[in-house]
Structures are given as C-alpha cells and as structure tokens.
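Take a look at the structure below.
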Amino acid sequence: MKDIFMVMMYAMFPFLILRLIGLGLTNVLTLPEMAMSTTLVSIGAVLFFGYMFIGLVVVHEYGFGTAIGSLLLTLVAMMIIVFILMLLFTLAADVVDFFQVFFKELMLKIL
C-alpha cells in the first residue's frame with residue numbers, strides 16, 4: 001500500500017508543477033495566449049496518467065494487457081458503484097417524499 005501511495009505522489013509531482021506554472025501564467029497572458037497555459041496543464045495531466053499507469057504496472061508486476069484489463073475492470077466497478085449509490089439516494093428521496101405526502105394527507109383527514 002505504501003508503494004502505491006508513493007507512485008501516486010511521484011506521478012502527481014509534474015502535474016502539480018505544471019499546474020502551478022499554468023496558474024502563474026494566467027495572470028500574465030492575454031486571452032489569445034491562454035492556449036500555452038492550457039497546453040501546459042494538459043501536458044501535466046498526460047504525464048500524470050502515464051506515470052501513474054507505468055508505476056502501477058511496475059508495483060503490481062503486471063504486463064501491459066493485464067494492466068489495461070485491470071484498469072478497465074476497475075472503471076466498470078466504479079461506474080456500477082456510482083449507479084447503485086445514485087439509486088439509493090433516489091430511493092431515499094422518494095421515501096422521504098412519500099412520508100411527507102402521507103403525513104400531509106393524514107393531517108388533512110384529521111382536520
């Protein structure tokens with residue numbers, strides 16, 4: 001677990017440096033020159049994902065295909081979890097609405 005955390009932090013370092021440089025450039029550059037700042041931030045993001053992928057391949061001792069498969073399965077699992085959480089929150093909101101309407105109707109019948 002420590003190795004995975006270290007890989008994430010080392011991968012994030014170029015992203016943070018380029019992000020800070022881009023942030024500094026936003027105060028200096030004009031609107032037509034903002035493409036340079038956006039390019040720096042994009043390069044930082046590409047470096048982050050590249051270093052992250054390579055680092056996780058090395059830490060887990062996966063091959064390229066196995067790493068891609070593991071990454072895709074992780075993304076699918078995350079999407080399923082988000083979908084289930086959305087269903088639970090929607091169900092909770094509907095239950096709250098049901099009880100609100102129920103008690104309003106009950107109060108109207110009593111009064």
Seminar exercise, completed: Taking R0 as 25 Å and r as the Cβ-Cβ distance between residue 78 and residue 2, the FRET efficiency 1/(1 + (r/R0)^6), rounded to the nearest 0.05, comes to 0.60
For this session: Please give the residues of the stretch 1-34, grouped as numeric ranges, whose backbone N is less than 17 Å from a label point set 7 Å along the Cα-to-Cβ vector of residue 61.
Result: 1-4
Seminar exercise, completed: Between residue 17 and residue 71, Cβ-based FRET efficiency (R0 25 Å, step 0.05) works out to 0.50
Problem set entry | Packing-based exposure ordering (other Cβ within 10 Å, fewest first) of 96, 7 | 96, 7
Exercise. How far apart, in nm, are two points set 7 Å out from the Cα along the Cα-to-Cβ line at residue 31 and at residue 53?
Worked result: 3.6 nm
Exercise. Thinking of the stretch 39-90 as a set of Cα atoms, what percent of all their pairs are more than 15 Å apart?
Worked result: 62 percent
Problem set entry | Cα-based helix-to-principal-axis angle, 34-60 vs the chain, degrees rounded to 10 | 90 degrees
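Coordinate-derived values only; no laboratory data. Model, not experiment: these values are computed from the prediction. So basically every Cβ, Gly included, is an ideal-geometry build from the backbone, and we count neighbours across all protein chains shown.
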